[in-house]
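The values are calculated or read from the model by the stated rules, or taken from the named source; none is laboratory data. The shown structure was predicted, so the numbers you read here are calculated from the model rather than taken from an experiment. Every residue, glycine as well, gets a Cβ built from its backbone with ideal geometry; the counts of neighbours run over all protein chains shown. Heavy atoms of the whole protein, side chains included, go into the accessibility calculation; ligands, DNA and RNA do not. Shrake-Rupley method; radii C 1.70, N 1.55, O 1.52, S 1.80 Å.
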Amino acid sequence: MTEHTRPLIYGTDHDSPDPHTTLPGHDYIELTGGPLDGQLLDVTGLTDDERTAGAYLITPHSTYGPGGRASYGPTFTRPDGPWVWEGDVP
C-alpha cells in the first residue's frame with residue numbers, strides 16, 4: 001500500500017514522519033462520513049463503555065470552524081466499527 005492509499009491516523013501531527021502507520025498491538029476503528037471520513041482512530045486504551053459511547057473528536061473542518069468537534073460513534077448493527085459521523089458540536 002502506498003502512502004496515498006493508507007488512511008491517516010487521527011491525532012497524528014501534521015509534521016509526523018509517517019501519519020499513516022498503525023502501531024503493532026493497537027486497535028483502530030475507521031471513521032466514516034463527516035470531516036474525518038476515512039481516518040483511523042486508535043481505541044486501544046478505551047474501555048468497553050467508552051467504545052460503546054463513541055467520541056467527540058476535534059477537527060479543523062467542523063461546522064463550528066477550527067477546534068469544533070465531530071461526534072462519531074458505533075451503530076447498533078455494527079458495534080465494533082466503523083464509527084459513523086453523527087454531526088458536529090461546538
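Any idea how many residues of region 3-38 are aromatic (Phe, Trp, Tyr) and in a loop (DSSP other than H, G, I, E, B)? Steps first, answer last, please.
Restricting attention to region 3-38, the residues satisfying the condition of being aromatic (Phe, Trp, Tyr) are 10, 28.
Filter once more, so that each one left must be in a loop (DSSP other than H, G, I, E, B): 10.
Final tally of qualifying residues: 1.
What residue, among those in region 39-57 that are surrounded by 11 or more Cβ atoms within 10 Å (Cβ to Cβ) and assigned to a helix (DSSP H, G or I), is nearest to the chain's Cα centre (by Cα)? It would help to see each step written out before you state the result.
Of all residues in region 39-57, those surrounded by 11 or more Cβ atoms within 10 Å (Cβ to Cβ) come to 39-43, 46, 50-57.
Cutting the leftovers down to assigned to a helix (DSSP H, G or I) gives us 50-53.
On the way: Glu50: 14, Arg51: 12, Thr52: 14, Ala53: 14 Å.
Here the answer is Arg51.
Run Ser71 past the list (1) surrounded by fewer than 17 Cβ atoms within 10 Å (Cβ to Cβ); (2) polar (S, T, N, Q); (3) under 11 Å from the mean Cα position of the chain (by Cα) and report the number of the one that doesn't hold.
It fails just one condition, (1).
Do we have Asp88 as of a type in the set (Asp, Glu) and open to solvent by less than 60 Å² (accessible area, probe 1.4 Å) here?
When the stated conditions are applied, Asp88 passes them.
List every residue pair whose Cβ atoms sit under 7 Å apart, with the two residues 6 or more apart in sequence or on different chains, where the first one lies in region 29-54 and is without any contact (Cβ under 8 Å) to a residue 40 or more places away in the chain and the second, anywhere, is of a type in the set (D, E, K, R) and in a loop (DSSP other than H, G, I, E, B).
Short answer, once both residue conditions are applied: Val43/Asp27; Thr44/Asp27.
Which condition number does Val84 fail, the rest of (1) of a type in the set (Val, Ile, Thr); (2) within 19 Å of Pro7 (Cα to Cα); (3) part of a loop (DSSP other than H, G, I, E, B) being met?
(3)
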